[in-house]
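What follows is a short report on a single structure.
The values are calculated or read from the model by the stated rules, or taken from the named source; none is laboratory data. Since we're looking at a predicted model, the values are computed, not measured. Here the Cβ positions follow ideal geometry from the backbone for every residue, glycine too, while neighbour counts run over all protein chains shown.
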Amino acid sequence: MARSSPSKSLTEVHVTVPKGTEELLQPMFESAFGEAASIYANYETGLTVISVFLDLNGNELESKKELFTSNLEKFYPDIASLVSLPSQRPVKKEDWAESWKKHFKPLRVGKRLIVRGSWHKVAVPPGAAEVILDPGLSFGTGQHATTSFCLSELVKIRDAQEKSFLDIGTGSGILAIAAQKLGFSLVKAFDFDPDAVRVARSNARANGIEKISIEQADLTKITESPRQHHDVVCANLIYDLLLAEKARILQRVKPGGLLVLAGILTTQFAQVQKAYEERGLALLRARTEKEWTSGAFRNPEMPKLKKV
């Protein structure tokens, strides 16, 4: 689902980094450009290329490139000289779209959920929910380790019809749509990227869903005292945001509710786990896949008041 004319080009921005530094630099690259990044490792040269695909040019693109370079020099001065300056090249949208379609296969999550592209034909077993997805330029097809963990946690919940769900950083809208299809009574989602919001809303309409609330909002600026709390909250975000904004995230989880955290490199998970356990949450389960570790946490119940 293109966000503008199919003939218009995307811009691929990439940097070349030394092997072994990609785990450090990928989250910083994604944070600077506001998109999920792909990684290609060349084992002959020992170099790795980190890339994003953007639907913008001009001053905004240049400012994002400058932000990445500035953060690199600030936080990793020892390796900054070994990293190439961000480079860019045009890529036709139709070429990019066909490329990711080749890698997006129908996904079965347990026996209760199937995620497929609009071009796939899949037999859906009785009782299973089906999500039809065209992520466009937004992150989230269910194939990524972090997204698939979030989906598996939603599938585990048996009495979804009595529960509310919040998706922080919705991307393509896959988690919110899946939650609605699985029977959650109230589903809300937000993302700071207006293009992601448009794609997520379009995907919701393609699935025949009108009740989902998908809004544009910046996690770093929303209130720490929300009026509404949710039984299940998913935050599939970069590590820095999960740590810096844990108060805003936690305030949206009901007492006794479930908080699913993803988007965390395995080397960073222990720090995230410690930060949330210090706020009283208990880790129920975690899963490591490739270089990513995700976790499901239980928010403590409200303490009971003593009778006077």
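The figures follow:
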{"quantity": "Members of the range 198-247 that are closer than 27 Å to Thr293 by Cα and of a type in the set (Asp, Glu)", "calculated": "Asp218, Glu224, Asp231, Asp240, Glu245"}
{"quantity": "Some residue of the range 267-280 being under 18 Å from Leu175 (Cβ atoms) and in contact (Cβ under 8 Å) with a residue 12 or more places away in the chain", "calculated": "no"}
{"quantity": "Of residues in the range 19-28 being part of a helix (DSSP H, G or I) and farther than 17 Å from Asn236 by Cβ, the one modelled with the lowest pLDDT", "calculated": "Glu23"}
{"quantity": "Flag if Ala286 is at pLDDT below 95 and under 30 Å from Val131 (Cα atoms)", "calculated": "no"}
{"quantity": "Helices (runs of 4 or more DSSP H) (entirely within the range 172-252) containing at least 1 residues that are more than 21 Å from Ser152 (Cβ to Cβ), touching a Gly at 6+ places or on another chain (Cβ under 9 Å) and basic (Lys, Arg)", "calculated": "194-206"}
{"quantity": "Pick from the range 254-286, criterion part of a strand (DSSP E or B) and under 16 Å from the mean Cα position of the chain (by Cα), ranking: nearest to His229 (Cα to Cα)", "calculated": "Leu259"}
{"quantity": "Set Glu66, Glu44, Glu60: member being loosely packed, with under 12 Cβ neighbours inside 10 Å and at pLDDT 85 or above", "calculated": "Glu60"}
{"quantity": "Any hit, the range 216-229, residues being of a type in the set (Gly, Ala, Ser), modelled with pLDDT of 95 or more and over 23 Å from Ile177 (Cα atoms)", "calculated": "no"}
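Quick grid of which residues meet (1) more than 13 Å from Val260 (Cβ to Cβ); (2) free of Cβ contacts under 8 Å to residues at least 40 places away in the same chain; (3) touching a Leu at 6+ places or on another chain (Cβ under 9 Å):
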{"residue": "Leu151", "(1), (2), (3)": "no, no, yes"}
{"residue": "Leu154", "(1), (2), (3)": "no, no, yes"}
{"residue": "Arg158", "(1), (2), (3)": "yes, yes, no"}
{"residue": "Phe165", "(1), (2), (3)": "no, no, yes"}
{"residue": "Gly171", "(1), (2), (3)": "yes, no, no"}
{"residue": "Ala178", "(1), (2), (3)": "no, no, yes"}
{"residue": "Leu182", "(1), (2), (3)": "yes, no, yes"}
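Condition check ((1) among the aliphatic types (A, V, I, L, M); (2) over 16 Å from Lys274 (Cβ atoms); (3) touching an Asp or Glu at 6+ places or on another chain (Cβ under 6 Å); (4) surrounded by fewer than 19 Cβ atoms within 10 Å (Cβ to Cβ)) across all residues:
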position: Ile222; (1), (2), (3), (4): yes, yes, no, yes
position: Val232; (1), (2), (3), (4): yes, yes, no, no
position: Leu242; (1), (2), (3), (4): yes, no, no, no
position: Val253; (1), (2), (3), (4): yes, yes, no, no
